[in-house]
Amino acid sequence: MGYKVVVTPRSFGATSSRPLDMLREKGYEVVLNSQGRPLKQEELLKLAADADGLLVGIDEVSRQVIEGSPNLKAISKYGVGVDNIDLQAARERGIIVTNTPGVNTEAVADLAVALMLCAARQVVAADHSIRKGEWKKFMGVSLFKKTVGILGTGQIGRAVARRLKGFEADLLLYDIARDEEFAAAIGGRYAGLEEILQEADFVSVHLPLLPATRNLIGEAELRLMKTGAVIVNTARGGIIDETALVKALREKWIRGAALDTFSVEPLANEELRKLPNVVLTPHIGAYTEEAVLMMGMQAARNLIDALEGRRPENIVN
């Protein structure tokens, strides 16, 4: 059928045309995001007004967008987290929502560990210094045999834990749904949030953004951390209170931070941008050639199945 689908992620089909070909070979009219950034609500509303399907990244799929798209039958999330989609509004309309769990697990885990090392060894500052013609030494700390707190032991948190065993790290795990079998297998143990923040040299965040996790790490929690600790967030902006984090970094309650996600994207927090003891990346956790292709293929399959009356592999709603 001649369905119209709106595709917003900028990396969709970037490493291979196969995901886009899948949609076009079905005879769908494919409308791509031409803005070079996530779409604002008004922009998405205009594009989606007569769309049958949406394939979206972190664009805000609000109630207004959903209610303003009378033909809409399916929303395929290009990624895992669906906090940018109004699931209740979709449910009321009988719109299927899918995501792509697992396809970016290894890519995000790689970046989480890379960010730990960059923050610990001042890699970015050293790079900037040498490019200016300087030859200064930057004192760092080792990740080897340190205590690492992993907040969230879903697929990505587990992948990070597996990597850290190579560093002989002492793993402290946090999740409301504890998997003691996994903890035993990886040589870690579950602990409360307060204990982890007090004991860990590195804290890596891998939780979904929910009402219960929004600003989970605020001023009180940051004050519990060691002065030499590093916190890394490759999950969702909003889990760490950015105002409190700026204060903690400026006043050196902790050694540093490394962030791939922010409460507002693109990053709008100018104070955070100015700090020397934070490493910032533009939400690139899933941006590897391998992950982008797998994510695009799965998102396209989910959308096609939903539009054509088959049960998609990864239904969220």
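A few points about this structure:
- Approximate spin-label separation Arg18-Arg311, in nm, with each point projected 7 Å along Cα-to-Cβ: 2.6
- Protein heavy-atom surface of segment 237-293, 1.4 angstrom probe: 55% of the accessible area is carbon and sulfur, with nucleic acids and ligands not counted.
- Using equal-weight Cα scatterers in the Debye expression, the normalised intensity of segment 83-197 in log10 at q = 0.10, 0.13, 0.18 Å⁻¹ is -0.46, -0.68, -0.96.
- As a rough guide to protection, the peptides 273-279, 295-301 ranked by mean Cβ packing within 10 Å, highest first, stand as 295-301, 273-279.
- Rolling a 1.4 angstrom probe over the protein heavy atoms with all chains in place gives segment 1-98 an accessible area of 45 Å² per residue.
- Note on Glu168 and Lys247: with the Förster distance fixed at 45 Å, the Cβ-Cβ geometry gives a FRET efficiency of about 0.85.
- Where segment 124-220 is the region considered: accessible area per residue in Å², 1.4 Å probe: 54
- Once the chain from Arg214 to Val264 is taken as fully extended at 0.36 nm per residue, the excess over their C-alpha distance is 16.7 nm.
- Centroid-to-centroid separation of segment 163-189 and segment 72-88 [C-alpha atoms, Å]: 30
- The slack between Ile284 and Glu25, meaning 0.36 nm per residue of separation minus the straight C-alpha distance, is 90.3 nm.
- Ala49 sits among other residues whose Cβ lies under 12 Å from its own Cβ, and their net charge, with Lys and Arg +1 and Asp and Glu -1, is -3.
- For the set Lys77/Lys146; Lys26/Lys77; Lys137/Lys226, the pairs lying more than 30 angstrom apart at their alpha carbons are Lys77/Lys146.
- Segment 112-271 - convex hull of the alpha-carbon atoms, volume per residue in Å³: 116
- Segment 19-58 and segment 296-317: distance between their alpha carbon centers, rounded to Å: 15
- Here, segment 69-124 is characterised by an Rg to Rh ratio of 1.25, where Rg is the alpha-carbon radius of gyration and Rh the Kirkwood radius.
- Theoretical gain in end-to-end length, Glu181 to Asp50 [0.36 nm per residue, Cα-Cα removed]: 42.3 nm
- In this simple spin-label model, placing a label point 7 Å from the Cα along the Cα-to-Cβ direction at both Arg223 and Arg10 gives a separation of 3.9 nm.
- The local environment of Gly154, defined by Cβ-Cβ distances under 14 Å, has a net charge of +1 under the rule Lys, Arg +1 and Asp, Glu -1.
- Cβ crowding within 10 Å averaged over residues, with 48-58, 166-176 ranked highest first: 48-58, 166-176
- Of the accessible area of segment 37-171, computed with a 1.4 Å probe over protein heavy atoms only, carbon and sulfur atoms account for 54 percent.
- Per residue solvent-accessible surface (Å²) - segment 262-306, probe of 1.4 Å: 49
- With R₀ set to 41 Å, the beta-carbon distance separating Asp83 from Ile130 gives a calculated FRET efficiency near 0.55.
The values are calculated or read from the model by the stated rules, or taken from the named source; none is laboratory data. None of the values given here were measured: they were computed from a predicted structure. Cβ atoms come from the backbone with ideal geometry, glycine included; neighbour counts cover every protein chain shown. Surface accessibility is based on the protein's heavy atoms, side chains included, excluding ligands, DNA and RNA. Shrake-Rupley method; radii C 1.70, N 1.55, O 1.52, S 1.80 Å.
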